[in-house]
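Novice: I have a structure I would like to understand better, so I am pasting it below and will then ask my questions one at a time.
Please treat every number below as a calculation from the coordinates, not as lab data. Keep in mind it's a predicted model, so treat the numbers as computed, not measured. With ideal geometry, Cβ positions are generated from the backbone for all residues, glycine too; neighbour counts draw on all protein chains shown.
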Amino acid sequence: MNKFFSKRELFFKKDKIQNYVFIFIFLISFSISLIIFLMLSGYLSELQNEEQISLLLSINFSMIIILIIISLDKIIKIFFFKKNRIKSNLRIQFTSLFLIISFIPTTIVTVFSLVFFDQGVKLWFNDKLNQVIKGSKNISESYFNEHTQSIKNDILYLNSEINNEKIVFFTDKTRLSNLLSYFVEIKDLQEAIIFERSGQLLAKVGSFFIESEPAPPLWARYTADDGDIAVFTNDDRTKVRALLKLQRAIPTYLSIGKNVDSNVLGRVESVNQAAIEYNNIEKKIDHFQDQFNKLFLAINFLMILLAIWFGLKFSNKIIDPIMEIILASEKIIKGDLTTRIRNFKGYYDFNILSKVLNKMLDNLNDQKNKLIKAKETINLRRKFTEKIINDVSTGIISIDLKYKILLFNKKAKEIFGKDFDKNFFKKNSEIKNFIKNFEHNSFNSNQTQIRYMTKDSIKILNLKVSSEFEKNKMKGYLINIDDVTELVSAQKNAAWSNVARYMAHEIKNPLTPIKLSAQRLENFLTSKNNVNKETFFNCTNTIVRQVNNIESLVTEFSNFARMPSGNFQDSRLDNIIKTQINSQKLVYKNAQFDYKISKKNLVINCDYNQLSRVFLNLFKNSLESINSKKKIVTINVLDDKKFIFVEISDNGTGFPKDSDNLFEPYVTNKINGTGLGLSICKKIIEDHGGEISLHNNAKFKGALVKIKLLRKRK
């Protein structure tokens, strides 16, 4: 262990020395790169030398190689200490991060710079630019050649004319000057002189002053002595002059001059000089471009190496606090909430983090203790709740959205017997369909009664379903099951006993007048006296009327006991109501119907016959309750997107105060009523998913029936 720590200390000592060496070499290399750049850019033109630049580039790359070796040594040491678990993963990650951050933009900038420089060089030395420079040079040369050739032709012409004269002509200076003046004028010259080699002036025309202006250059005289024409300019480049040796024993020269634009001649020389420099640069451009590319690569390597160095340096600085936090986190994961993180000297942000984490650990420890206490309390409540649920007389079952049983009490197990398991509701289609209908149609009742068959018997069960929510999201259903087999059996016995008593009473009432009428008929038939026909017909009418009452009673009871299942289809409500209005108008001649409907083509999904039966019964009840001669029944029909509302009112006697029990079977206010009509109406309306209620008119005397129907049943 001591040996390992001695190696670790030695590692950090060497690392410190390497850091100083790295910084020193980096600064030298960067300075050399800057000097090379200034030399290539022309800012240090006095030092610009290809050999010097090549030498500096070689030195620079040598230093970069040394920096690469130092960086590789650092990275290799990190991997070496990784085997001994010395916090190297974070160092590698930080170094990689800095390397990526620097490598990508630096490389992109370098590549774009090299490409841009290469394209710029190609743009500087392309064929079009070469043609422009050559064209400019040709134009300037053509301009100068044109003036040169023109002045040569002029001096040859003057030479020819002078040579045609006699030798004595040169002694007559006045005549010679006149001749020169003539030729200067016709040739549009500015000056002309004839002088001997000794400097003796023979003739002069124009602005030339041999005393003030320098003599023609020696090369011009030598050219003239050889028999050629020498063309040259004056010092201020305002004139083009030609020099020619005349045919005379004494060496004599003829010189003429023309004015030219000094700017043009200056530009001609500038163009020629630029063309020469351009050609020289074009020959050296490949080498120059290669040096620039090497400089860019050197700077790119320097930036990447600097990023690696910063990454290693930065990782060494922050790795200790991070590792301590990681070790503390591992202890916390194992459940040790007493762990605390120390303060770090010189690390302000990490000190804040350690304080926050320590405070969080204090809170977690307090919450843990509170949770333990809360868990104990919840366990007590759970046991108490389970005891209550198991002791209730109804079965309670909790299922999820896939109809899988989650919880149930002892009573539920007793009700369903051995077949009860976790997938019970998936196998029982009747209960499953009831839950589905409740889920998809909020208008359906959440209660139902089913017949459940076990191996031993048939049970009648009342089911009530409700939705379970968690955070406003439905997670399942809660089902209450009540075994009402014995209760239903007792209710049926009581109901049939009541029906039997009611039917016996109702049938017994008409039997008495029937019996008395039959006895009177018997007396009439056995009597020797003549039969009174009026009395006879009264007896038979009484018998027929009472038999009809018995038949009506039996028919209504039969209809109530055997309500047919609905045959639902789309029908026009207007047709149903109008048909029943017309049928009642045939029976009650003085009946008046005030009928209003919002839409004549109002369609409802219903059983046509059953709904017709409802309106027939209600219209008949209204008309029978009206004692006055003028019988008025008002029907109003309104609708919205989901429902249809029907209100039926009349000018009759209205409903009694306790009108709620009129929907119960065999409850009636009529003398000969069966008490089944409104019960049948309510059952039909409820089968259509609707509601019916009885009221008295607040404004007018009479009854008011309100019906609410679904437009479309689901």
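Novice: Per residue of segment 351-356, what does 6.51 cos²θ - 1.76 cosθ + 1.60 with θ = phi - 60° give for ³J(HN,Hα)? Whole Hz please, x for Gly and Pro, Karplus curve as stated.
Specialist: 5, 4, 4, 5, 5, 5
Novice: Taking K and R as +1 and D and E as -1, what net charge do the other residues with C-beta under 10 Å from the C-beta of D154 add up to?
Specialist: +2
Novice: In the neighborhood of I186, defined by Cβ-to-Cβ distances under 12 Å, what is the net charge if each Lys or Arg adds +1 and each Asp or Glu adds -1?
Specialist: Cβ neighbours under 12 Å give a net charge of -3.
Novice: Hey, any idea what Rg/Rh is for segment 567-710, computing Rh the Kirkwood way over Cα pairs? Before the final figure, lay out each step's value.
Specialist: Details: Rg = 14.5 Å, Rh = 15.5 Å.
Value, to two decimals: 0.94.
Novice: May I ask you to list the trypsin sites (Lys or Arg not before Pro) in segment 449-488 that are in a DSSP loop and have at most 16 other Cβ atoms within 10 Å of their Cβ?
Specialist: K455, K471
Novice: What shape does segment 285-411 take by its C-alpha gyration tensor, where a ≥ b ≥ c are the square roots of the eigenvalues and a/c under 1.5 counts as rounded, a/b above b/c as prolate, and the rest as oblate?
Specialist: Oblate is the answer for segment 285-411, as a/c is 1.5 or above yet b/c matches or exceeds a/b.
Novice: Determine the sum of side-chain charges near N379: Lys and Arg each +1, Asp and Glu each -1, restricted to other residues whose C-beta is under 12 angstrom from that of N379.
Specialist: On the way: positive: K373, K375, R381, R382, K383; negative: E376, E386.
Combined, the nearby Lys, Arg, Asp and Glu give +3.
Novice: If we sort 241-250, 610-619 on the protection proxy, mean other Cβ atoms within 10 Å, highest first, what's the order?
Specialist: So the peptides 241-250, 610-619, ranked by packing, come out 610-619, 241-250.
Novice: By counting other Cβ atoms within 10 Å of each Cβ, how are H688, H147, H695 ranked from fewest to most?
Specialist: H695, H147, H688
Novice: From the alpha carbon gyration tensor of segment 384-483, can you work out the equivalent ellipsoid semi-axes (sqrt of 5 times each eigenvalue) and give them in Å, largest to smallest?
Specialist: Ellipsoid semi-axes (Å, largest first): 21, 17, 13.
Novice: Using DSSP to define loop residues, name the trypsin sites (Lys or Arg not before Pro) in segment 388-435 whose beta-carbon has at most 15 other beta-carbon atoms within 10 Å. If you can, show how the numbers build up before the last one.
Specialist: Values: sites: K402, K404, K410, K411, K413, K418, K422, K426, K427, K432; in loops: K402, K404, K422.
Answer by residue number: K402, K404, K422.
Novice: Quick check on the exposure proxy: order Y608, Y20, Y595 from fewest to most C-beta atoms within 10 angstrom.
Specialist: Y20, Y595, Y608
Novice: A follow-up question, please. Quick check on my link table: of K404/K712; K16/K359; K331/K355; K578/K642; K411/K464, which ones sit more than 26 Å apart, alpha carbon to alpha carbon?
Specialist: K404/K712; K16/K359
Novice: To continue, here is another question. 5 Å is the cut-off here: which amide hydrogens, built 1.01 Å from N in the peptide plane, fall below it relative to E191, excluding neighbours closer than 5 in sequence?
Specialist: G257
Novice: Taking the Cβ of each residue in W219, W309 as the centre, tally the other Cβ atoms inside 10 Å and list the residues starting with the fewest.
Specialist: W219, W309
Novice: For L602, enumerate residues with amide H under 5 Å from its amide H, sequence gap 5+ or separate chain, H modeled in the peptide plane.
Specialist: L573, D574
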